[in-house]
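Down below is the structure, laid out as structure tokens.
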Amino acid sequence: MTPSGTYRDFPAERLRYLYESVRLGTMRAASDFLDMAPSSISRQITALEKEIGIELIEKNRHRVLLTPAGERLIEYYRDRLAQQEALVTDLDDLKGLRTGHLRIAVGTGLMRVVIARAVAEYTARLPGVRIDVVSAPSRAVISMVRDDMAHFGVVMDAPIDPRVWSRSGFPEPNYLIVAPHHSLASASKIDIRDLVNQPLILPEGGFRIRDVLSEFEANHGLFLDTRITASSVQFIADVTSAGTVATIMPLGCVSDYVEAGRLLALPISNPELNTGRVNIVTRVGRRLSSAAIALLDLLERQMKNRSRPERRPTV
């Protein structure tokens, strides 16, 4: 400690060893990632604990688990990394350079077309910024945002986490999606209870719509006829367009198929299916770079300007 009783600046490398051990789960995994001996990482973390005067990880654990002090230190380190990234981007902006590397996490299949169009427009405007788009279940998206593995996330009905907040939210009801020649194509509105004998193709477990439908089935004592499940939204759309099965999902997942006339989106009358919201989430306290904010703003504008599906004549 300094004479004033405050801690000196923590060595960046020691903080990184602790951070990577926590992120990857074990010191051995961190050693493989950093290409150094596990014993070296262990010694550096021990030295950091001695310097601070408090334990940072729980002892005798196979996986690295942080103590309250360790959690606070990792929060500090993440903030420092985020601030450094934002500073570098801001300095590049002042020099007339728009560079950077963004990573966004998106709920699997969610807002597929809107996000693709936003990213395409963004890269045309700012070719110097690299973008990684990661598709994952909602819980994984929240974890990536919380742990600064993604600058921001796009999820359906964001799970509650005190370290993640919703920057903006947009209504995203579910629709019955059918081919134009499907037997239900002429319906103006659909009641889920009338689909009991209707063969469906649905996303696999982990998609938010499956949770919503499972809760609806339990509350109403019915079982939907799920003939096919798939992890790919595009595959689901292709199969649905053949006309033998229908699916249920937000319009944003298949809006390109609807715009092309290959699929129809029929409103669902049950309120439980119409309360969904798409949330753009960031970590509490994280300062985003100007490059990240520019992409956020563009994505939010495109989501606000989405049009509702128009009825097309059946064929």
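All of the numbers you see were taken from the coordinates with simple rules; none came from a lab. All values derive from a computational prediction rather than experimental measurement. Here the Cβ is made from the backbone with ideal geometry for all residues, glycine too, and neighbour counts use every protein chain on show.
Summary of computed values
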| read-out | value |
| --- | --- |
| GNM top mover of L48, L126, L251 - the chain, alpha-carbon springs below 10 Å | L48 |
| Gain in span if fully extended, E58 to N274, counting 0.36 nm per residue against the direct Cα distance | 73.3 nm |
| Gaussian network model of the chain, Cα within-10 Å springs - most flexible of V178, V258, V64 | V64 |
| Built amide H within the under 5 Å cut-off of T229, gap 5+ | L202 |
| Potential lengthening between T226 and V134 on full extension [0.36 nm per residue; Cα-Cα distance subtracted] | 30.4 nm |
| Counting DSSP beta bridges with both ends in the chain, the antiparallel % (nearest 5) | 55 |
| Candidates L34, L298, L264: whichever shows maximal mean-square fluctuation once the chain is modelled as a Gaussian network with Cα springs under 10 Å | L34 |
| Among F223, G53, I209 the positive-end extreme of the charge dipole of the chain (Cβ point charges) | G53 |
| Hz values of 3J(HN,Hα) by residue in the stretch 128-143 - Karplus curve (6.51, -1.76, 1.60), Gly and Pro given as x | x, 9, 8, 10, 10, 10, 10, 9, 7, x, 4, 4, 5, 4, 4, 4 |
| log₁₀ of I(q)/I(0) at q = 0.12, 0.16, 0.24 Å⁻¹ - the stretch 12-67, Debye sum with one point per alpha carbon | -0.22, -0.39, -0.91 |
| Within the stretch 214-299: Cβ-based charge dipole about Cα centre, in debye rounded to nearest 20 (Lys, Arg +1; Asp, Glu -1) | 440 |
| Calculated semi-axes √(5λ) of the Cα gyration tensor in Å (choose from (i) 34, 23, 19; (ii) 45, 20, 16; (iii) 45, 23, 16), label | (iii) |
